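Below: the structure, in structure tokens.
The values are calculated or read from the model by the stated rules, or taken from the named source; none is laboratory data. Predicted model only: the values in this text are computed from it and were never measured. Backbone-built Cβ (ideal geometry, glycine too); neighbour counts: all protein chains shown.
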């Protein structure tokens, strides 16, 4: 494979910040070579929304598809990384996309500069405004990613951005690590796991700089 590979996934580890109420990440050792077992064997305990992840429409819509039923095409292909500045309300407005066409390419990854290395969950993270979500869908986006824990603000109850994406067939990624990426167009690969009935899945997200 030609081109530099840039890992834009958050590391899964004990103590990694998780959404309040979610199960913390834990790696439980079941067998060990040091203990005389024939193999090292661990069990993962985690929410599917830990670290860099994809939400399923079924996360917010009773009739929505599970993560294992989603098509994979939106998660692979040309993607634009775009630095955006949230307003005083911590929301990203439609004006943030004035300099580009969200349909060319139809995947857009929003770099807000959020610091994902903090040891605790921060509730005042930047998110998309409902109007921006509507505009992105209308303009032809097929996948939207962001470097914060959610596309909706933390205190949102009705989750308008999640719901609009789910109704419109747009996939979305949350909690990406775009800190070392400059704006531009890359090839994105960020496949969710094939979890039957799952409402989300961690992804190993990479960009290929071609």
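Just one of the listed residues (2, 40) is modelled with pLDDT under 95 and more than 30 Å from residue 161 (Cα to Cα), and it is 2. Going through (1) over 21 Å from residue 52 (Cβ atoms); (2) surrounded by fewer than 16 Cβ atoms within 10 Å (Cβ to Cβ) one by one, residue 113 falls short only on (1). For region 175-198, residues that are loosely packed, with under 13 Cβ neighbours inside 10 Å and either touching a helix residue (DSSP H, G or I) at 6+ places or on another chain (Cβ under 6 Å) or not in a loop (DSSP other than H, G, I, E, B) (or both) total 2.
Quickly run through region 24-50 and pick out the residues that are closer than 20 Å to residue 125 by Cα and more than 16 Å from the chain's Cα centre (by Cα). Residue satisfying the conditions is 24 alone. Checked against the criterion of being closer than 19 Å to residue 101 by Cα and within 14 Å of the chain's Cα centre (by Cα), region 159-170 contains one or more residues that satisfy it. Do we have any residue at all in region 113-120 that's in contact with a helix residue (DSSP H, G or I) (Cβ under 8 Å, 6 or more places away or on another chain), without any contact (Cβ under 8 Å) to a residue 60 or more places away in the chain and more than 25 Å from residue 72 (Cα to Cα)? No, region 113-120 contains no residue that is in contact with a helix residue (DSSP H, G or I) (Cβ under 8 Å, 6 or more places away or on another chain), without any contact (Cβ under 8 Å) to a residue 60 or more places away in the chain and more than 25 Å from residue 72 (Cα to Cα).
In this structure, does residue 153 turn out to be at pLDDT 95 or above, farther than 21 Å from residue 74 by Cβ and touching a strand residue (DSSP E or B) at 6+ places or on another chain (Cβ under 7 Å)? Yes.
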